[in-house]
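Shown next, in structure tokens, is the structure this report addresses.
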């Protein structure tokens, strides 16, 4: 027989004022999917580990990583599918940005404006 745990606790009480909506929704989905399968405090910790892994690339001891991967399989799959269709940010180093700006000026000299007055 599988053990069950109380489900009369409010998931919303674990939302932080600083949570990004997307992060909260994913953590909330995880909590809802597994409420009653684990003690409340343990499930909240698992959900936090899951979102930390998903959004920040955090790593944990292997047994926890495996457990979270198993529990989040369907939830993460849906999230990752949606994520594929969203705009992806690309970070460029300052040196690359400066180099690209110079290359653009060289290839299209008409776009460069000077503070010097034209000769008369």
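Some observations on this one:
- The number of residues in segment 10-22 being at pLDDT below 95 and assigned to a loop (DSSP other than H, G, I, E, B) comes to 5.
- Taken over segment 26-44, the criterion of being surrounded by fewer than 14 Cβ atoms within 10 Å (Cβ to Cβ) and either touching a residue at least 40 places away in the same chain (Cβ under 8 Å) or part of a helix (DSSP H, G or I) (or both) is satisfied by 32, 41, 42.
- Any hit, segment 70-88, residues being surrounded by 10 or more Cβ atoms within 10 Å (Cβ to Cβ), at pLDDT 95 or above and assigned to a loop (DSSP other than H, G, I, E, B): no
- Filter result (touching a residue at least 40 places away in the same chain (Cβ under 8 Å) and more than 16 Å from the chain's Cα centre (by Cα)) within segment 47-86: 71, 74
- Leading residue by the ranking (modelled with the lowest pLDDT) among those in segment 89-118 that are under 30 Å from residue 52 (Cβ atoms) and not in a helix (DSSP H, G or I): 89
The values are calculated or read from the model by the stated rules, or taken from the named source; none is laboratory data. Only a predicted model underlies this, so the values are computations on that prediction, with no experimental measurement involved. Backbone-built Cβ (ideal geometry, glycine too); neighbour counts: all protein chains shown.
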